[in-house]
Every structure is written in structure tokens, then in C-alpha cells.
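FYI, it's all coordinate maths here, none of it is from the lab. The structure presented is a predicted model; accordingly, all values stated were derived computationally and were not measured. Cβ coordinates were reconstructed from backbone atoms using ideal geometry, including for glycine residues, and neighbour counts include every protein chain displayed.
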Amino acid sequence: MLYAQDLAIGQRFPFGTYRMEEAEIIEFATRYDPLYIHIDPEAAAKGPFGGLIASGLHTMAVYQRLIAEAMWSKVAGIAGKRFEIDLQRPVRPGTVLTGEAEIESIAIRPERNDALMTIRAVVTDGSKPMLSLRLESLIHARPA
């Protein structure tokens, strides 16, 4: 496990890939964001995006899976504190998402044996950014 002292500003964690399938987009949105642009391909084709798109919440959930596999499976995290999110482009069925996270800052708090870490992350379709965000989270410092 990597603790705050093991990490460095500028350190990057490349993501794997995740393909957004139409059936999954519809299933997720039917349950959590039942707007026609996410659940009805025919109606969505006549809408503002010219077709079905994934819910932003679904895209965030995929980001979470990608970063969990790439970073949080290795870093001694405690909890997320704050997100700043920018949904830059609609995610369509068949889009393969990837990206990376980069550590922006780490502030160790010895009195609490933890640290505040800020990362910037981007989720892309392989070339264009689809979602970008800044996350502040608590992580463990190395046990005394």
C-alpha cells in the first residue's frame, strides 16, 4: 500500500479502458437518470445531442471504476472530500473511455497521521477529453 510519504506531486496513474455499451447506458439511466436522452434511442435521435448519450452520473461512475483500479487499489485512501467536475462532451454508445489521474498536491498532517491529497483527472475517448475533474481526498500517512 502506498502512503502519503510514498507519493509525489506530478505522479501519474494511467487508467485502463472501459467501453460504454448502449444497453448499459439505458439500464443505468432507467434506474438513476430516466431522461429520454439516456433511455430512448428514438426520441434521443430527435433531441439536442442527435442520439443517445450516457448520463453524466454514469460517466462519473465509470471514472470511479477506472481510478479505483488504477490508483485507489494501491493508495491507502480514507475518503473523498470534494469534487469539481466538468462534463466536456457527451459519451455515446460504443465510446471507449480511458484517461489518467495526476497528483496535484499532498499536505501531510502529522497530528492526525493523514494527508490531504488533491488530484486532477481526465477521462478521454482516447483523444478528446470527455470529463475532467479535481478531487480532494484524505489518505493515510505511514503508520508511526
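Dipole size of segment 4-140 about its Cα centre, with +1 on Lys/Arg Cβ and -1 on Asp/Glu Cβ: approximately 240 debye, rounded to the nearest 20. Mind checking the angle between helix 56-67 and the chain's longest principal axis? C-alpha axes, 0 to 90 degrees, to the nearest 10. Once rounded, one gets 40 degrees.
Taking 0.36 nm per residue of separation and subtracting the current Cα-Cα distance, fully stretching the chain between residue 79 and residue 12 would add 22.2 nm. Site pair residue 127 and residue 46 shows an inter-label distance of 3.3 nm when each label is modelled 7 Å from Cα along Cα→Cβ. For the chain, the longest principal axis of the alpha carbon atoms and the long axis of helix 22-32 meet at an angle near 70°.
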